[in-house]
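Working notes, structure below.
Since every read-out is calculated from the coordinates, none of them should be taken as a lab result. Owing to the predicted nature of the structure, the values given are computational and were not obtained by experimental measurement. Here the Cβ positions follow ideal geometry from the backbone for every residue, glycine too, while neighbour counts run over all protein chains shown.
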Amino acid sequence: MRQLPQDFFRSPYAFYEELRAEGPVHAIQLNTGVRAWLVVDLDAAREVLRHPAIRKDPHTDASREARGLPADDTGVGAVNTRISYHLLNTDPPEHARLRRLVTPAFAPVRIDALAPRVLAIADELLDRIAADDAGRVDLLSEYAFPLPITVICELLGMPVADREDFREWSRVVVEVSTATPTEIRHATDAITDYFERLIARRRAEGLGDDLVSDLIAANSDGERLTDDELISMVFLIMVAGHETTVNLIGNTVLTLLLDPARYRALHGNPAAVPALIEEMLRYNGPVNVATLRYSTAPITLGDTEIPANEVVLVALGSANHDERHFIDAARFDPERSTSGHLAFGHGVHYCLGAGLARLEARIALTRLVERFPDLTLAVDDAEMRWRESILIRGLQDLPVDLAGAPALR
């Protein structure tokens, strides 16, 4: 049984290449002691992501057995169960009901209508950075994080002043493999209490023009979201709605600053940005490994059989580097065809917020290059610190020089 190498969080791709050469799926041991099956090539990943025997619901007997939990366990460990009834934790046909109720909020026409506000937020943040005249800033804290979290707060009708609390709660949730049970419980209890109060306030004061109000009012064939489903869906939108974009922006800027000529070439060339963002999603996307799945029956991938009642993890980052689908996959090439990448998943659980993430990343990068065409890294690439999360592929910080001083090499 394999274990994740010590440098996995910094650079997982060499490990993935080694695994793909040996087969499409491998038994690994997580640091929690749980055995999991890691799916590493693209064809096998697609099969698992749509296979009817691979399920998501963490509350079932099969999922509890897969994680070595007792039969009477809640099924989600230290996590407050009231935030566990969302799209990522449900299977068909229940998943279809929830998705019908939520999908209208992410319709393309509604996402496109957000562009002027996203542009205004980006400019406000860049004005603040320029006015500070610090010369050196952490672009993650000052730009990549506040842009999407402000958008999500405004969409949900939440005070933007609460965003730092959510940054910390979200960090614990997505870095669950390194957080303690006490930290996880504290964070998820705080999230649950916050959204319970927010929903109660909307109902008491009257629904408004925000996403929480839309979800309260959502109705499909006479069905509505339950209170726990409401809390869970708002939680999912809040966390997934900013984590993906924060790390997509951060990873993109880092990759470009490691090739300064490519970064500078974007100045005055916004038409090149969408393809570049799409290649970044493939090359070093913000989601490394998809959320937990469980086998409810044996499934064979290549020459390996995954038994029933096992944890299954799909390494999206590895699938997107599969050389059989992407020639010279380890090279960043915005001119390549990225068709078929799995950065936002595949099948019924394909990310609802993909359009919003693309919009925010496109605007964020375009405006950044326009305002700071001579931006450079402030430290050597080897000093960059990566988050210790098997789920998220993202930086802890991104120190840059604004005035164009050469990066330390």
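Placing +1 on each Lys and Arg Cβ and -1 on each Asp and Glu Cβ, with no other charges, gives the chain a dipole about its Cα centre of roughly 460 debye.
Taking every DSSP beta bridge that has both ends in the chain, the antiparallel portion is near 75%.
Each residue of the stretch 108-121 is assigned a 3J(HN,Hα), and the resulting list reads x, 5, 6, 5, 4, 5, 7, 3, x, 6, 4, 4, 5, 5 Hz, derived from the Karplus form 6.51 cos²θ - 1.76 cosθ + 1.60 (θ = phi - 60°), x at Gly and Pro.
What residue among V311, V34, V289 has the largest mean-square fluctuation in a Gaussian network model of the chain, using Cα springs under 10 Å? Maximum fluctuation in the GNM of the chain, among the listed residues, is at V34. Under a Gaussian network description of the chain, with springs only between Cα atoms under 10 Å, the residue in L313, L248, L101 that fluctuates furthest is L101. The value of relative contact order for the stretch 1-139, using C-alpha pairs under 8 Å at least six residues apart, is 12 percent.
For the stretch 89-148 versus the stretch 218-269, the inter-centroid distance based on Cα atoms is 6 Å. Going toward the positive end of the dipole of the chain, with +1 on Lys and Arg Cβ and -1 on Asp and Glu Cβ, which of V172, M233, P159 do you reach last? Most positive-ward Cα: M233. Working ranking of peptides 227-240, 370-383 by packing, defined as the average number of other Cβ atoms within 10 Å per residue, highest first, is 227-240, 370-383.
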